[in-house]
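Contents: one structure, followed by commentary.
The values are calculated or read from the model by the stated rules, or taken from the named source; none is laboratory data. Bear in mind that the values here come from a model prediction, so they are computed numbers and not experimental data. Every residue, glycine among them, receives a Cβ derived from its backbone with ideal geometry; neighbour counts consider all protein chains shown.
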Amino acid sequence: MLQPTPASDLDRNVVETAYARWAPVYDKVCGPIFLSGRRSATSAAMQVGGRILEVGVGTGLSFGDYDGSTEIVGIDMCEPMVAKARERMASGLYPHVKDVMVMDAHELAFEDASFDCVVAQFVITLVANPERVLSECARVLRPGGEIILVNHLYSERGMLAVIERLAARPTRALGLRPEFPFGRLMAWAQNHGGVELVERRRVKPLGAYTLVRFRRIAAQAQAA
């Protein structure tokens, strides 16, 4: 049986350059591909409600998936993507979107316990240090708040795992990390100690993406 190995970290400059190139065509090319995963994440976030941080907001494709019962703040490290999101925000169609800004998810410039929910769509497998980003997401969450991730996660066994390993190296030049395993997320959660897994499920219709939800544990519960 093929055992998954930890995915080596990505070069941040490679990712930034790749997504700057994607920005002009991102909506048309990636919008339809990521639609089911994106809506599964925003639907889960809407159930939490309140103040929501979107990490890797991109061009703001998800703005229309939320409504006035939420307050959305978006960040992305790619300036061309954020510029597109600001154009979308300036249309006036999304009053629930309060701000979008260029920011590194490894160093979130928000106070502790600032948000009810943090959403990262197709992001956590792309950042240079996923564990650090997840810890920052947990830090800015209020007790009981949720981190909601949606991504393609590494197939940990079988022929598909072999294919993904072989494809991993050339796709890194495109800013991708296809061999990222779910086990790495769970290892982070166990080491962090302040979160618990709420849900892990394949996203319909094809099951190519996985939705993962972690809940921030209240301090007293963590101590117990």
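Checking each residue in the range 184-205 for being of a type outside the set (A, V, I, L, M, F, W, C) and part of a helix (DSSP H, G or I) picks out ARG184, GLN190, ASN191, HIS192.
Within the range 1-98, which helices (runs of 4 or more DSSP H) (wholly inside it) include 2 or more residues that are of a type in the set (A, V, I, L, M, F, W, C) and at pLDDT below 85? Outline the logic, then answer.
Values: elements: 12-22, 26-48, 79-90.
Answer list for the range 1-98: 12-22, 26-48.
Scanning the range 178-191 finds one or more residues that are over 18 Å from the mean Cα position of the chain (by Cα) and at pLDDT 95 or above. With the condition kept exactly as written, say whether any residue in the range 114-121 is modelled with pLDDT of 95 or more and farther than 22 Å from GLU196 by Cβ. The answer is no, given that none of the residues of the range 114-121 is modelled with pLDDT of 95 or more and farther than 22 Å from GLU196 by Cβ. Going through (1) at pLDDT 95 or above; (2) exposed (fewer than 14 other Cβ atoms within 10 Å of the Cβ) one by one, THR171 falls short only on (1). From the residues in the range 208-223 that are outside any strand (DSSP E or B) and at pLDDT 80 or above, which one is farthest from ILE33 (Cα to Cα)? Per the stated criteria, the residue is ALA218.
For the range 128-143, the count of residues that are at pLDDT below 95, surrounded by fewer than 20 Cβ atoms within 10 Å (Cβ to Cβ) and of a type in the set (A, V, I, L, M) is at least one.
Number of residues in the range 97-119 that are surrounded by 15 or more Cβ atoms within 10 Å (Cβ to Cβ) and touching a strand residue (DSSP E or B) at 6+ places or on another chain (Cβ under 6 Å) equals 9.
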